[in-house]
1. Which of 326, 195 comes first, and how do the rest follow, when ranked by fewest Cβ neighbours within 10 Å?
2. So which residue, out of 40, 83, 147, gets the largest mean-square fluctuation from a GNM of the chain using Cα contacts under 10 Å as springs?
3. Viscosity 1.567 mPa s, temperature 4 °C: Stokes-Einstein D of the stretch 99-138 from its Kirkwood Cα radius, in µm² per second?
4. What distance in nm separates the simple spin-label points at residue 375 and residue 193, each placed 7 Å from Cα in the Cβ direction?
5. Given that just one value was derived from the coordinates, which of (1) 22, 55, 23, 1; (2) 22, 49, 24, 5, 0; (3) 21, 43, 23, 11, 3, 0 is P(r) over Cα pairs in 20 Å bins from 0, in percent?
6. If you take every DSSP beta bridge fully contained in the stretch 1-141, what fraction is antiparallel? Give it as a percent rounded to 5.
7. Taking the Cα-to-Cβ direction at residue 395 and at residue 350 and moving 7 Å from each Cα, how far apart do the two end points lie in nm?
8. Fewest to most neighbouring Cβ within 10 Å: what's the order for 35, 192?
């Protein structure tokens, strides 16, 4: 994945071509993504310079594309920020069109790559979004955040509020983008020593644990390195926990990939606020500290430190609301709880509260495969662990396809309908579809939690 911007440095051949054809906005830096021919030219430049070399994915940054408020040492008030950016945009573009710029820019990348090949799926991580933009294979992140616990708390509702609009793919900068503090107002992180600061290591760990359950799991930012070995050594709690949640993400891939399949084929979702899954429980309607991954997994991130700091009071337990209408199982201990109540959970660095809904089926990658995996290519499609959480009849649609390319649009995919009968204690499967490379004779490890 490589970062590309819609604006260009003067004097380059790409810029000269855009200017010569009249495809630039009035600042002679940002190309006019609302012009079909300008989009086609931008794609041709990106394809010749980058995609032809074997690039996997795009990182279309700065798709606002005007950000005149990023100046000075004092943060403007929200209404002033809007006015500043609209005033800057008005010099080159009707301000009513600003929000749709990312839609058109993303469209150009998607249509260009699709016209060139059907073998490589378009993936575009972009900083802004618009209604329906995910049709162009976009993932949106929450922007250039500054490291603080207060900021972290906002990321849960940022994620769920974004996704309930119908845009399914959201992520964030794990560890925040700005870690330390500098003169500019936006450079307002609280950890000038970065990964050398034990307090930042705890903060990074908590964001990492949250990120492991998001549609896209990524660490990114400035000020400080982010590699796992920067946060300790094997045998130390921070390092080992980061490694454990990396492996957990790999284990969850069959479940998450199936949710992505439901997004494409059934207009499904990946993450959601609990109220969207349990609308009948009015106590879920005001929950802002937890979220659902699919219909089965409830996650309550830890957004306060264990240790006191100069600005944040320590916590040693958190209250988690479990929606009514079903039992819930602690993912790590297996302990069962009745829904419709708050439960007090101890706060430990090694884990965060994760609960599985009773009457659920989770397809997981085998633990032994994940232990040695260097990439998703090491996760075999010929074996799974199927975990049934008892309490009610359950269904899950396990989705598989070739993993890349667009043959699935012509029906080249498989849905295995898994069904659990609670009274008979019986798991059955019905397989529909086919694609080249599909392994029908799978090795299934069945585990039942009750």
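Values quoted throughout were computed directly from the atomic coordinates according to the rules given, and no laboratory measurement underlies them. Remember, it's a predicted structure, so these values are computed and weren't measured experimentally. Quick reminder, even Gly has a Cβ in these numbers, built from the backbone with ideal geometry, and neighbours come from all protein chains shown.
1. Working: 326 18, 195 21.
Fewest-to-most Cβ neighbours within 10 Å comes out as 326, 195.
2. Sorting by GNM fluctuation, first place goes to 83.
3. Values: Rh = 10.2 Å.
D, rounded to a whole number, is 127 µm²/s.
4. 3.7 nm
5. Given (1) 22, 55, 23, 1; (2) 22, 49, 24, 5, 0; (3) 21, 43, 23, 11, 3, 0, the calculated one carries the label (1).
6. On the way: 2 of 11 bridges.
Roughly 20 percent of the DSSP beta bridges within the stretch 1-141 come out antiparallel.
7. 3.9 nm
8. On the way: 35 18, 192 14.
By the 10 Å Cβ count, ascending: 192, 35.
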